[in-house]
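Chemist: Input: one structure, supplied below.
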Amino acid sequence: MGILDYLLKKNKPSSSASVAKERLQIIVAHERSTRGQPDYLPLMQQEIIDVIRKYVDIDQDQVSVQLDNADDCSVLELNITLPDAK
Amino acid sequence: MAKIIVITSGKGGVGKTTSSAAISTGLALRGKKTVVIDFDVGLRNLDLIMGCERRVVYDFVNVINKEATLKQALIKDKRTEGLYILPASQTRDKDALTYEGVEAILNELAEDFDFIICDSPAGIEQGAQMALYFAEEAIVVTNPEVSSVRDSDRILGILQSKSRLAEQGKAVKEHLLLTRYNPSRVANAEMLSVEDVEEILAIPLLGVIPESEAVLKASNQGSPVILDTESEAGQAYQDAVSRLLGDEVPHRFLEQVQKGFFKRLLGGK
């Protein structure tokens with residue numbers, strides 16, 4: 001392998017292995033955060049959004065639903081960013 | 001009292017059965033009385049990898065249904081002293097295994113054996129959950145490849161929530177076994193490295209098995225690859241078994257083998 005090859009290799013944007021690692025870190029972190037949630041949660045989240053949409057125009061990403069389990073008590077946290085009133 | 005170890009992965013084709021055969025043989029070679037159970041009901045394959053497919057008379061489901069005794073169903077390995085195989089059933093009824101039935105068999109085996117190795121089926125369905133439910137330790141077989149790593153993470157989640165120990169508020173001891181590792185592709189940044197996979201899954205490394213022609217050769221012959229002591233894969237499995245037994249053994253075969261001058265000249269592999 002010549003010195004040119006070596007330099008070219010160094011300058012490559014990113015290797016396929018590092019792309020794989022990055023993609024995995026993101027998806028694994030996402031899946032871990034939803035682990036242990038009840039199966040009905042995504043559907044319930046969608047229905048809540050649909051109800052709110054009947055009255056206010058909001059996007060999917062303006063709503064965050066989080067379920068926290070602490071000891072024997074679960075807290076369902078619903079955060080909705082409402083658009084500025086016009 | 002026996003130690004129950006599940007060999008699992010989520011994804012299929014990553015080397016669960018190969019690893020189950022190799023590790024159970026390795027434990028028996030180290031003088032531990034070992035039984036390896038095939039939990040893959042409907043798709044029995046461990047018998048073929050262990051080379052005892054023509055000696056199967058009764059199986060796991062027969063014992064659960066009390067159509068045969070455990071003693072009748074256990075196959076004594078012809079190569080390795082102190083090693084027994086409990087083959088899976090070929091029945092298509094996926095509900096053939098029950099928690100009560102499996103527990104009773106494991107309890108009976110625990111009286112006689114030092115190690116009970118459970119070869120899990122692929123997937124996260126009932127069969128895989130049954131295989132891991134009673135385990136005290138889990139060997140998660142992973143290939144350095146995105147879908148395998150992701151599935152391993154999912155199976156770790158199940159181990160941490162749906163195993164018997166988890167239900168008791170305790171933890172299953174987890175081990176990472178990285179298989180089909182190709183150091184030269186890792187050196188070229190074409191394959192996830194050991195460190196990458198360790199960082200993502202965050203569980204202790206039991207061993208790294210290099211991709212090796214010896215594995216296919218061993219399964220062709222129905223002889224666990226650990227018995228091929230000349231091969232790198234066989235030696236890597238021996239190291240993994242030593243670590244499982246608590247020995248401190250350095251990891252081998254992680255670096256690309258430098259071709260010698262003559263080999264390069266002659267274009268040898």
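The values are calculated or read from the model by the stated rules, or taken from the named source; none is laboratory data. Owing to the predicted nature of the structure, the values given are computational and were not obtained by experimental measurement. Here Cβ is always computed from backbone atoms with ideal geometry, including for glycine, and neighbour counts include all displayed protein chains.
Chemist: Scan region B:164-205 for residues that are among the acidic types (Asp, Glu), within 12 Å of another protein chain (Cβ to nearest Cβ) and outside any loop (DSSP other than H, G, I, E, B) and jot them down.
Modeler: Passing the criteria: B:195, B:196, B:198, B:199.
Chemist: Quick check, is residue B:98 in contact (Cβ under 8 Å) with a residue 40 or more places away in the chain and of a type in the set (Ser, Thr, Tyr)?
Modeler: No.
Chemist: For residue B:27, indicate whether it is in a helix (DSSP H, G or I), of a type in the set (A, V, I, L, M, F, W, C) and more than 25 Å from residue B:208 (Cβ to Cβ).
Modeler: no
Chemist: Kindly indicate whether residue B:233 is among the small types (Gly, Ala, Ser), over 27 Å from residue A:35 (Cβ atoms) and in contact with a helix residue (DSSP H, G or I) (Cβ under 8 Å, 6 or more places away or on another chain).
Modeler: Working: among the small types (Gly, Ala, Ser): yes; over 27 Å from residue A:35 (Cβ atoms): yes; in contact with a helix residue (DSSP H, G or I) (Cβ under 8 Å, 6 or more places away or on another chain): yes.
For residue B:233, the condition - among the small types (Gly, Ala, Ser), over 27 Å from residue A:35 (Cβ atoms) and in contact with a helix residue (DSSP H, G or I) (Cβ under 8 Å, 6 or more places away or on another chain) - is met.
Chemist: Can you tell me how many residues in region B:178-225 are under 16 Å from residue A:22 (Cβ atoms) and touching a residue at least 60 places away in the same chain (Cβ under 8 Å)?
Modeler: 1
Chemist: Also: Which residue is nearest to the other protein chains (Cβ to nearest Cβ), if the candidates are limited to region B:206-230 and must be surrounded by 14 or more Cβ atoms within 10 Å (Cβ to Cβ) and part of a loop (DSSP other than H, G, I, E, B)?
Modeler: That would be B:211.
Chemist: From the set of residues in region B:109-127 that are buried (at least 22 other Cβ atoms within 10 Å of the Cβ) and aliphatic (A, V, I, L, M), which is farthest from residue B:22 (Cα to Cα)?
Modeler: If we take residues in region B:109-127 being buried (at least 22 other Cβ atoms within 10 Å of the Cβ) and aliphatic (A, V, I, L, M), then B:116 is farthest from residue B:22 (Cα to Cα).
Chemist: Being at pLDDT 95 or above and either in contact with an Asp or Glu (Cβ under 9 Å, 6 or more places away or on another chain) or part of a strand (DSSP E or B) (or both) is the filter here, so list the residues in region B:88-116 that pass it.
Modeler: B:115, B:116
Chemist: Still on this model: Select from region B:145-163 the residues that are more than 10 Å from chain A (Cβ to nearest Cβ) and farther than 17 Å from residue B:12 by Cα and list them in ascending order.
Modeler: Answer for region B:145-163, where residues must be more than 10 Å from chain A (Cβ to nearest Cβ) and farther than 17 Å from residue B:12 by Cα: B:159, B:162, B:163.
Chemist: When you scan region B:122-172, how many residues do you find that are among the aliphatic types (A, V, I, L, M) and within 15 Å of residue A:36 (Cα to Cα)?
Modeler: Total meeting the criteria: 6.
Chemist: Might you check whether a residue that is within 26 Å of residue B:48 (Cβ to Cβ), in contact (Cβ under 8 Å) with a residue 24 or more places away in the chain and of a type in the set (S, T, N, Q) occurs anywhere in region B:69-89? Even if it seems obvious, please write down each step before you answer.
Modeler: Filtering region B:69-89 down to residues within 26 Å of residue B:48 (Cβ to Cβ) leaves B:69-89.
If we keep only those that are in contact (Cβ under 8 Å) with a residue 24 or more places away in the chain as well, we get B:70, B:74-75, B:77-89.
From the residues that got through so far, the ones that are of a type in the set (S, T, N, Q) too are B:80, B:89.
Taking every residue of region B:69-89 in turn, at least one turns out to be within 26 Å of residue B:48 (Cβ to Cβ), in contact (Cβ under 8 Å) with a residue 24 or more places away in the chain and of a type in the set (S, T, N, Q).
Chemist: Search region B:231-251 for residues being assigned to a loop (DSSP other than H, G, I, E, B) and in contact (Cβ under 8 Å) with a residue 24 or more places away in the chain, and hand back the single one that is nearest to residue B:204 (Cα to Cα).
Modeler: Filtering region B:231-251 for residues that are assigned to a loop (DSSP other than H, G, I, E, B) and in contact (Cβ under 8 Å) with a residue 24 or more places away in the chain, the one nearest to residue B:204 (Cα to Cα) comes out as B:251.
Chemist: I'd like to know if region B:101-114 contains one or more residues that are of a type in the set (Asp, Glu), within 29 Å of residue A:23 (Cα to Cα) and touching a helix residue (DSSP H, G or I) at 6+ places or on another chain (Cβ under 8 Å).
Modeler: no
Chemist: Of all the helices (runs of 4 or more DSSP H) wholly in region A:1-62, which have at least 1 residues that are away from chain B (no Cβ under 12 Å) and at pLDDT below 85? Spell out how you get there, then give the answer.
Modeler: On the way: elements: A:3-11, A:16-33, A:41-53.
Answer list for region A:1-62: A:3-11, A:41-53.
Chemist: Give me the pairs, please: first residue somewhere in region A:60-84 and without any contact (Cβ under 8 Å) to a residue 12 or more places away in the chain, second residue anywhere and in a strand (DSSP E or B) and among the acidic types (Asp, Glu), beta-carbon distance under 9 Å, and either six or more positions apart or on two chains.
Modeler: Note: pairs meeting the criteria are A:68/A:77; A:74/A:68; A:75/A:68; A:76/A:68.
Chemist: Limited to region B:62-77, what total is found for residues that are more than 19 Å from residue B:114 (Cα to Cα) and surrounded by fewer than 21 Cβ atoms within 10 Å (Cβ to Cβ)?
Modeler: Residues flagged as more than 19 Å from residue B:114 (Cα to Cα) and surrounded by fewer than 21 Cβ atoms within 10 Å (Cβ to Cβ) within region B:62-77 amount to 8.
Chemist: On the given criteria, is residue B:169 surrounded by fewer than 16 Cβ atoms within 10 Å (Cβ to Cβ) and at positive phi?
Modeler: For residue B:169, the condition - surrounded by fewer than 16 Cβ atoms within 10 Å (Cβ to Cβ) and at positive phi - is met.
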